[in-house]
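To start, the structure under review is shown below, and the notes come after it.
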Amino acid sequence: MSDIQNKDDISLLVVKFYDKLLQDDEMKLIFAGLDFKAHVPNIVQFWSFVLFDEEGYKTNVFDKHLHLPIKPHQFDEWLKTFNATVDELFSGEKAEMAKLRATTLAFTFKSKWEKLKGSN
Ligand code: HEM
(Lines give C-alpha, C1' and ligand atoms only; values in the text may rest on other atoms or scores of the structure.)
Protein backbone atom coordinates (compact mmCIF):
# COMPACT_ATOMS: atom_id res chain seq x y z
CA MET A 1 0.00 0.00 0.00
CA SER A 2 1.41 3.41 -0.87
CA ASP A 3 1.32 6.76 0.87
CA ILE A 4 -0.76 9.83 -0.05
CA GLN A 5 1.43 11.35 -2.73
CA ASN A 6 -0.48 13.98 -4.65
CA LYS A 7 -3.79 15.73 -5.26
CA ASP A 8 -5.26 12.75 -7.12
CA ASP A 9 -4.68 10.65 -4.00
CA ILE A 10 -6.37 13.30 -1.89
CA SER A 11 -9.34 13.39 -4.29
CA LEU A 12 -9.69 9.63 -4.01
CA LEU A 13 -9.54 9.84 -0.23
CA VAL A 14 -12.18 12.58 -0.10
CA VAL A 15 -14.57 10.84 -2.50
CA LYS A 16 -14.32 7.49 -0.66
CA PHE A 17 -14.68 9.26 2.66
CA TYR A 18 -17.96 10.87 1.60
CA ASP A 19 -19.19 7.57 0.14
CA LYS A 20 -18.86 6.07 3.60
CA LEU A 21 -19.95 9.07 5.65
CA LEU A 22 -23.16 9.60 3.71
CA GLN A 23 -24.31 6.05 4.36
CA ASP A 24 -25.37 7.38 7.75
CA ASP A 25 -28.83 8.96 7.35
CA GLU A 26 -28.34 11.51 10.10
CA MET A 27 -25.08 12.63 8.53
CA LYS A 28 -26.67 12.72 5.10
CA LEU A 29 -29.21 15.28 6.33
CA ILE A 30 -26.43 17.72 7.19
CA PHE A 31 -25.05 17.53 3.66
CA ALA A 32 -28.46 17.78 1.98
CA GLY A 33 -28.52 20.67 -0.41
CA LEU A 34 -24.74 20.97 -0.62
CA ASP A 35 -23.33 21.23 -4.12
CA PHE A 36 -20.66 18.51 -3.96
CA LYS A 37 -19.19 19.53 -7.30
CA ALA A 38 -18.28 22.86 -5.78
CA HIS A 39 -17.47 21.47 -2.33
CA VAL A 40 -15.05 18.62 -3.14
CA PRO A 41 -12.38 20.89 -4.74
CA ASN A 42 -12.40 23.02 -1.57
CA ILE A 43 -11.81 20.01 0.62
CA VAL A 44 -9.06 18.73 -1.69
CA GLN A 45 -7.43 22.16 -1.53
CA PHE A 46 -7.68 22.11 2.26
CA TRP A 47 -5.94 18.74 2.57
CA SER A 48 -3.27 19.75 0.03
CA PHE A 49 -2.57 22.72 2.26
CA VAL A 50 -2.39 20.52 5.37
CA LEU A 51 -0.33 17.67 3.90
CA PHE A 52 1.80 19.34 1.22
CA ASP A 53 1.96 22.96 2.44
CA GLU A 54 0.33 23.97 -0.80
CA GLU A 55 -0.75 27.60 -0.68
CA GLY A 56 -4.14 28.94 -1.55
CA TYR A 57 -6.36 27.83 1.30
CA LYS A 58 -7.35 30.71 3.53
CA THR A 59 -10.81 29.82 4.76
CA ASN A 60 -11.67 29.70 8.45
CA VAL A 61 -12.78 26.09 8.42
CA PHE A 62 -14.56 26.05 11.78
CA ASP A 63 -16.74 29.04 10.83
CA LYS A 64 -17.81 27.22 7.67
CA HIS A 65 -19.69 24.78 9.88
CA LEU A 66 -21.49 27.16 12.20
CA HIS A 67 -24.74 27.18 10.23
CA LEU A 68 -24.95 23.37 10.16
CA PRO A 69 -27.15 21.28 12.49
CA ILE A 70 -24.25 19.14 13.73
CA LYS A 71 -24.54 17.29 17.04
CA PRO A 72 -21.28 16.96 19.00
CA HIS A 73 -21.22 13.14 18.83
CA GLN A 74 -21.16 13.40 15.05
CA PHE A 75 -17.60 14.73 15.19
CA ASP A 76 -16.60 11.30 16.57
CA GLU A 77 -18.39 9.59 13.71
CA TRP A 78 -16.78 11.94 11.18
CA LEU A 79 -13.32 11.19 12.59
CA LYS A 80 -13.82 7.43 12.77
CA THR A 81 -14.93 7.39 9.16
CA PHE A 82 -12.10 9.63 7.99
CA ASN A 83 -9.39 7.58 9.72
CA ALA A 84 -10.88 4.29 8.52
CA THR A 85 -10.87 5.60 4.93
CA VAL A 86 -7.22 6.66 5.20
CA ASP A 87 -6.26 3.23 6.57
CA GLU A 88 -8.16 1.45 3.84
CA LEU A 89 -6.37 3.30 1.05
CA PHE A 90 -2.96 4.51 2.21
CA SER A 91 -0.09 3.89 4.55
CA GLY A 92 2.95 6.02 5.33
CA GLU A 93 4.04 9.34 6.78
CA LYS A 94 1.39 11.50 5.04
CA ALA A 95 -1.35 9.01 5.88
CA GLU A 96 -0.35 9.23 9.55
CA MET A 97 -0.20 13.02 9.30
CA ALA A 98 -3.70 13.14 7.78
CA LYS A 99 -5.14 11.06 10.65
CA LEU A 100 -3.31 13.09 13.26
CA ARG A 101 -4.49 16.42 11.86
CA ALA A 102 -8.05 15.13 11.43
CA THR A 103 -8.02 13.89 15.03
CA THR A 104 -6.78 17.23 16.37
CA LEU A 105 -9.26 19.22 14.28
CA ALA A 106 -12.26 17.00 15.09
CA PHE A 107 -11.42 17.24 18.79
CA THR A 108 -11.02 21.03 18.60
CA PHE A 109 -14.24 21.41 16.61
CA LYS A 110 -16.14 19.25 19.08
CA SER A 111 -14.91 21.19 22.14
CA LYS A 112 -15.57 24.57 20.54
CA TRP A 113 -18.98 23.34 19.37
CA GLU A 114 -19.99 22.21 22.85
CA LYS A 115 -18.94 25.56 24.30
CA LEU A 116 -20.86 27.52 21.70
CA LYS A 117 -23.94 25.39 21.26
CA GLY A 118 -24.12 23.04 24.22
CA SER A 119 -23.49 19.33 24.27
CA ASN A 120 -26.70 17.97 22.70
C1 HEM B 1 -19.68 16.08 12.02
C2 HEM B 1 -18.60 16.58 11.43
C3 HEM B 1 -18.65 17.40 10.17
C4 HEM B 1 -19.67 17.62 9.29
C5 HEM B 1 -21.09 17.07 9.34
C6 HEM B 1 -19.17 18.50 8.26
C7 HEM B 1 -19.91 19.00 7.20
C8 HEM B 1 -19.48 19.95 6.31
C9 HEM B 1 -20.32 20.63 5.34
C10 HEM B 1 -21.81 20.35 5.11
C11 HEM B 1 -19.55 21.54 4.71
C12 HEM B 1 -19.97 22.51 3.62
C13 HEM B 1 -20.32 23.84 4.25
C14 HEM B 1 -20.79 24.86 3.22
O15 HEM B 1 -20.05 25.16 2.28
O16 HEM B 1 -21.93 25.35 3.37
C17 HEM B 1 -18.21 21.40 5.25
C18 HEM B 1 -17.12 22.11 4.82
C19 HEM B 1 -15.84 21.81 5.18
N20 HEM B 1 -15.44 20.98 6.20
FE21 HEM B 1 -16.64 19.88 7.34
N22 HEM B 1 -17.86 18.78 8.52
C23 HEM B 1 -17.49 18.13 9.67
C24 HEM B 1 -16.27 18.14 10.28
C25 HEM B 1 -15.13 18.65 9.71
C26 HEM B 1 -13.81 18.57 10.28
C27 HEM B 1 -13.44 17.94 11.64
C28 HEM B 1 -12.97 19.17 9.39
C29 HEM B 1 -11.49 19.33 9.55
C30 HEM B 1 -10.64 18.55 8.96
C31 HEM B 1 -13.77 19.62 8.27
C32 HEM B 1 -13.29 20.27 7.14
C33 HEM B 1 -14.06 20.96 6.25
C34 HEM B 1 -13.54 21.80 5.20
C35 HEM B 1 -12.06 22.04 4.87
C36 HEM B 1 -14.65 22.36 4.53
C37 HEM B 1 -14.64 23.28 3.32
C38 HEM B 1 -14.66 24.73 3.69
C39 HEM B 1 -14.60 25.55 2.41
O40 HEM B 1 -15.64 25.72 1.76
O41 HEM B 1 -13.50 26.00 2.06
N42 HEM B 1 -15.08 19.31 8.50
N43 HEM B 1 -18.21 20.45 6.23
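Quick notes on this one:
- Environment charge of Lys20, counting only residues whose C-beta is closer than 11 Å and scoring Lys/Arg +1, Asp/Glu -1: -2
- When you restrict to C-alpha pairs under 8 Å that are six or more residues apart and normalise by the size of the chain, the relative contact order lands at 37 percent.
- Dipole of the chain computed with +1 at Lys/Arg Cβ and -1 at Asp/Glu Cβ about the Cα centre; of Leu68, Met1, Phe107, farthest Cα towards the positive end is Leu68.
- In plain terms, the chain from Ala32 to Thr108 could stretch by 24.9 nm, reckoned as 0.36 nm per residue minus the Cα-Cα distance.
- Per-residue HN-Hα couplings for the stretch 97-108 [Karplus 6.51, -1.76, 1.60; θ = phi - 60°; Hz; x = Gly/Pro]: 5, 4, 5, 5, 5, 4, 4, 4, 5, 4, 5, 5
- Couplings 3J(HN,Hα) of the stretch 36-46, computed from phi: 5, 4, 7, 6, 4, x, 5, 5, 4, 5, 4 Hz, in residue order, whole Hz [Karplus 6.51 cos²θ - 1.76 cosθ + 1.60, θ = phi - 60°; x for Gly and Pro].
- In sequence order, calculated HN-Hα J values of the stretch 84-89 (Karplus, 6.51, -1.76, 1.60; Hz; x Gly/Pro): 5, 5, 4, 4, 5, 10
- Since only Ala98, Leu79, Val14 are under comparison, the one whose Cα sits farthest along the positive direction of the charge dipole of the chain, derived from C-beta charges on Lys, Arg, Asp and Glu, is Leu79.
- Treating each Cα of the stretch 6-78 as one equal point scatterer and applying the Debye formula with no solvent, the log10 of I(q)/I(0) at q = 0.17, 0.20, 0.21 Å⁻¹ comes out as -0.73, -1.00, -1.09.
- Size of the stretch 45-120 from its Cα atoms: along the principal axes, largest to smallest, the extents are 37, 28, 15 Å.
- Entry comment: accessible area of the chain is 62 Å² per residue, from protein heavy atoms only and a probe of 1.4 Å.
- Electrostatic dipole magnitude of the chain [Cβ: Lys, Arg +1; Asp, Glu -1; Cα centre; debye, to 20]: 500 debye
The values are calculated or read from the model by the stated rules, or taken from the named source; none is laboratory data. On a predicted model such as this, the values are computed, not experimentally measured, just so you know. For neighbour counting, all protein chains shown are included, and Cβ atoms are generated from backbone atoms with ideal geometry for every residue, glycine included. Heads up: the accessible areas ignore ligands, DNA and RNA and are worked out on the full protein's heavy atoms, side chains in. Shrake-Rupley method; radii C 1.70, N 1.55, O 1.52, S 1.80 Å.
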